[in-house]
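Below: one structure, written as structure tokens.
Each value in this text was obtained by applying a stated rule to the coordinates, not by laboratory testing. Owing to the predicted nature of the structure, the values given are computational and were not obtained by experimental measurement. Using ideal geometry, Cβ is built from the backbone for each residue, glycine included, and neighbour counts are taken over all protein chains shown.
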Amino acid sequence: MVVNVNEYYENIQNNYLFVEIARRVEKYQEENPDADLIKMGIGDVTKPLVKSVIKAFHNAVDEMADADKFRGYGPEQGYDFLIEDVIENDFKPLGIELKNSEVFISDGAKCDTGNFQELFSQDNIIAVTDPVYPVYVDSNVMAGRSGKPTDDGFYENIVYLPCTAENNFVPELPKEDVDIIYLCYPNNPTGTTLTKDQLKVWVDYAHEKNALILFDAAYEAFISTENVPHSIYEIEGAKEVAVEFRSYSKTAGFTGTRCGYCVVPEEVYVKNSKGEDVQLNPLWNRRQSTKFNGASYPVQRAAQAIYTDEGKKEIRENLDYYLENAKVIRDSLEKIGLEVYGGVDSPYIWFKTPDDIDSWTFFDILLDQANVVSTPGAGFGPSGEGYIRLTAFNTYEKTVEAMERIKELKF
Ligand code: MLT
């Protein structure tokens, strides 16, 4: 008997980025037990769930203790009560009509964006913006859709679209043909956005090339700038060429509670090897029905509460609190002469390291000399080299304190 491993896992470089950072931070803390670390690395929230969410969560848990109201397996696609509120609140105000069957509630956008690639054959060429949220790349590498890693930090057979200060963080259309394009806007990690016209370029490209866009809108709730789309479906023609992912993690503090959803419009078709059209929505439905049993009932009731008047007001306060932190970070870093991006329509601030210090070295400087945990830009891809990401998700007090410490650094 021999059990053969999925050798594509051997192509994956290092640990998952945030696991690697956690490992380094833990080691540092062990060696420096008195160090008072301020965590601005992984985008994890610090504010507790808002009151109306907690109330709905409690009520639903009580229902589970009542024989008349108890619920067992729910619909794999999510309960209609939540789906209807999603459509009514997240899309209708933008002029976007969706059917219930086009919205799939899940346990978060990380899982959805990682799993969605299963629907596509191995020979598809994927394109990612660079730097990029590592889940898109790693999940495709695991599935064998890439070649080997190269010495300079890329993977063969994946098309990288550099987004740097030089091109104002706007990716250029690929020169080679690609099939599946991952776009995340507001962007993780750079915190930058695309305007409607800039996103339209991608929708038009997908139409022209029969490509598909996997659009991650996990950070849309942070948008305040006019003309920055909250959903890709605000762009004409997007329903035929795009799937959209949303998350309650950052919108409503659900990083530990787990809930999100994805939208797979009925208009999206891909091809089989005979060249025939295959509708994507039933495939995702089939995948979810087979491999997922739905987010839990109390969690979906908790998520629904953010669409009440009270819930909307409460989560807005939290989002504004984090945006205020983002402003503090931006202003402080700019004041000490750093080149700073993002942090306006996003909880992420992306800045260039001074004197071209490489990302991991500067990560160590921040950790060791300021006791601030950051994320090195290079961890998100080769074009992230020379940059650092900070998150605005810590408390206001700690954010201010972190900026004071960074100001004192000598570099
Ligand atoms: C991040 O820090 O990039 C995110 O928190 C990771 C995630 O959402 O999985």
**Item:** Top-ranked residue in region 281-295 [being touching a strand residue (DSSP E or B) at 6+ places or on another chain (Cβ under 9 Å) and not in a helix (DSSP H, G or I); ranked as surrounded by the fewest Cβ atoms within 10 Å (Cβ to Cβ)]
**Value:** PHE292
**Prompt:** Restricting the search to region 235-252, which residues are within 12 Å of the ligand (Cβ to nearest atom) and in contact with a Pro (Cβ under 8 Å, 6 or more places away or on another chain)?
**Reply:** LYS250
**Prompt:** Which residues, counting only those in region 67-101, are touching a Lys or Arg at 6+ places or on another chain (Cβ under 9 Å) and either part of a helix (DSSP H, G or I) or of a type in the set (Gly, Ala, Ser) (or both)?
**Reply:** PHE81, LEU82, VAL86, ILE87, ASN89, ASP90
**Message:** Checking the conditions here, which among TYR321, TYR261 is within 16 Å of the ligand (Cβ to nearest atom) and not in a loop (DSSP other than H, G, I, E, B)?
**Reply:** TYR261
**Prompt:** What tally of residues in region 163-217 results from selecting those that are among the aliphatic types (A, V, I, L, M), part of a loop (DSSP other than H, G, I, E, B) and away from the ligand (no atom under 16 Å from the Cβ)?
**Reply:** 5
**Fill in**
A careful count of residues in region 14-32 that are in contact with an Asp or Glu (Cβ under 9 Å, 6 or more places away or on another chain), within 17 Å of ASP138 (Cβ to Cβ) and away from the ligand (no atom under 15 Å from the Cβ) gives 1
**Request:** Only residues that are part of a strand (DSSP E or B) and more than 19 Å from SER224 (Cα to Cα): list them for region 242-258, please.
**Result:** ALA242, VAL243, GLU244, PHE245
**Prompt:** What residue, among those in region 113-154 that are of a type outside the set (Ser, Thr, Tyr) and free of Cβ contacts under 8 Å to residues at least 24 places away in the same chain, is surrounded by the fewest Cβ atoms within 10 Å (Cβ to Cβ)?
**Reply:** ASP151
**Complete:** The condition from (1) touching a strand residue (DSSP E or B) at 6+ places or on another chain (Cβ under 7 Å); (2) under 28 Å from PRO33 (Cα atoms); (3) free of Cβ contacts under 8 Å to residues at least 40 places away in the same chain that PHE351 misses is numbered (2)
**Request:** Could you check, for region 335-345, whether at least one of its residues is on the phi > 0 side of the Ramachandran plot and buried (at least 16 other Cβ atoms within 10 Å of the Cβ)?
**Result:** yes
**Request:** For residues that are surrounded by 15 or more Cβ atoms within 10 Å (Cβ to Cβ) and not in a strand (DSSP E or B), tally how many sit in region 267-280.
**Result:** 3
